[in-house]
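Worksheet for the structure shown next.
The values are calculated or read from the model by the stated rules, or taken from the named source; none is laboratory data. Since the model is a prediction, treat every value here as computed from it, not as a measurement. Every residue, glycine as well, gets a Cβ built from its backbone with ideal geometry; the counts of neighbours run over all protein chains shown.
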Amino acid sequence: MSTATRARQSGIGPLLREWRVRRRVSQLELALRADSSARHLSFVETGRSRPSEELVLRLAEHLDVPVRERNALLLAAGYAPRFAETPLDDPSMGALREGLDRLLHGYEPYPALVVDATYTVVAANRGIAMLMEGIPESLLTPPLNAMRLTLHPKGLAPRIRNLREWRGHLLAQMERQIALDRSEALRAVYDEVKAYPVADRDGGGDVGEGGEAVPYFALPMVIEHDGQVLSFVSSISTFNTPMDVTVAELAIETFLPADSATVKYLRSLAP
């Protein structure tokens, strides 16, 4: 059942209460934040009152409801969706695509990519392509999925020295997103990658160039490439105040070298 159909059938009250409970906010607290009253909010949740369009948007804002689900709340209340969902290849998205490409290119030789809400890769730079070298074509057939490429036994997983730690980090990240966004599509990806077998041996990854211990400032992904051990920490960025569902669900992940040996190696590969 689609989000829109579910929204129309359930009505605004149950959906709004579900988001409020999910965010662990009382009716009184939410009403104060949204410049309403607890009595009116109670009437809305029980179906005795229909909220205005602006109140729905204010409540969604204070509950940090994802943009896609804000449209669902509006539909449930009897209003038209407010936020478009424009394909990334639409001509109107030209400036966005150009900006993303410039950002990814400027980050080279370090890896960086852009993914959507289910970790489908929509853009990547040559640093990512370098890490993907040697992966079977069967995994590189579009649409590429970053989680699948990373954790699949024929993907990057055999090369990741601290796979159990890195896998645990990625699964926990997905679990938090599923809890917040209720995404069935993301749940399907999570169930798939969680079921992948994990080798018993974990190579570790706390030794740097020359054999010295590396005091990492964040959990790194320690990965082998062409006989070299590379260490990266990742950072994820999203767009502020997005007005389009597609844009709201984009995330830019950059991989920062975690030690000097990784910096030196990547710079040696740069054209």
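Which one of these does residue 41 not meet: (1) in contact (Cβ under 8 Å) with a residue 40 or more places away in the chain; (2) buried (at least 18 other Cβ atoms within 10 Å of the Cβ); (3) not β-branched (Val, Ile, Thr)?
(1)
With respect to residue 44, is the statement that it is farther than 23 Å from residue 245 by Cα, of a type in the set (A, V, I, L, M, F, W, C), modelled with pLDDT of 95 or more and part of a loop (DSSP other than H, G, I, E, B) true?
So residue 44 does not fit the description; no.
Do you know which of the residues in region 52-89 that are over 25 Å from residue 35 (Cβ atoms) and loosely packed, with under 13 Cβ neighbours inside 10 Å is nearest to the chain's Cα centre (by Cα)?
Only one residue fits best here, namely 87.
I need a count of the residues in region 64-123 that are of a type in the set (Asp, Glu), assigned to a helix (DSSP H, G or I) and closer than 16 Å to residue 239 by Cα. If you could, list the steps in order and put the result at the bottom.
Narrowing region 64-123 to residues of a type in the set (Asp, Glu): 64, 69, 85, 89-90, 98, 101, 108, 116.
Then keep just the ones that are assigned to a helix (DSSP H, G or I); that gives 69, 98, 101.
Filter once more, keeping what is closer than 16 Å to residue 239 by Cα: 98, 101.
The qualifying residues number 2.
Given (1) surrounded by fewer than 14 Cβ atoms within 10 Å (Cβ to Cβ); (2) at pLDDT 95 or above, where does residue 223 come up short, assuming only one miss?
(1)
Among the listed residues 188, 179, identify the single one that is under 21 Å from residue 115 (Cβ atoms), within 18 Å of the chain's Cα centre (by Cα) and modelled with pLDDT under 90.
179
Do you know which residues across region 104-130 are over 26 Å from residue 188 (Cα atoms) and in contact with a helix residue (DSSP H, G or I) (Cβ under 6 Å, 6 or more places away or on another chain)?
Matches in region 104-130: 108, 109, 110, 111, 125.
Since residue 196 meets every condition but one in (1) in a loop (DSSP other than H, G, I, E, B); (2) at pLDDT below 95; (3) of a type outside the set (D, E, K, R); (4) surrounded by 13 or more Cβ atoms within 10 Å (Cβ to Cβ), which condition does it not meet?
Of the numbered conditions (1) in a loop (DSSP other than H, G, I, E, B); (2) at pLDDT below 95; (3) of a type outside the set (D, E, K, R); (4) surrounded by 13 or more Cβ atoms within 10 Å (Cβ to Cβ), the odd one out for residue 196 is (2).
With (1) of a type in the set (Gly, Ala, Ser); (2) closer than 28 Å to residue 271 by Cβ; (3) free of Cβ contacts under 8 Å to residues at least 60 places away in the same chain as the list, and residue 92 as the residue in question, which single condition is left unmet?
The failed condition is (2).
Can you say whether residue 102 is more than 17 Å from residue 244 (Cβ to Cβ) and either among the aromatic types (Phe, Trp, Tyr) or modelled with pLDDT of 95 or more (or both), as far as the supplied structure shows?
Yes.
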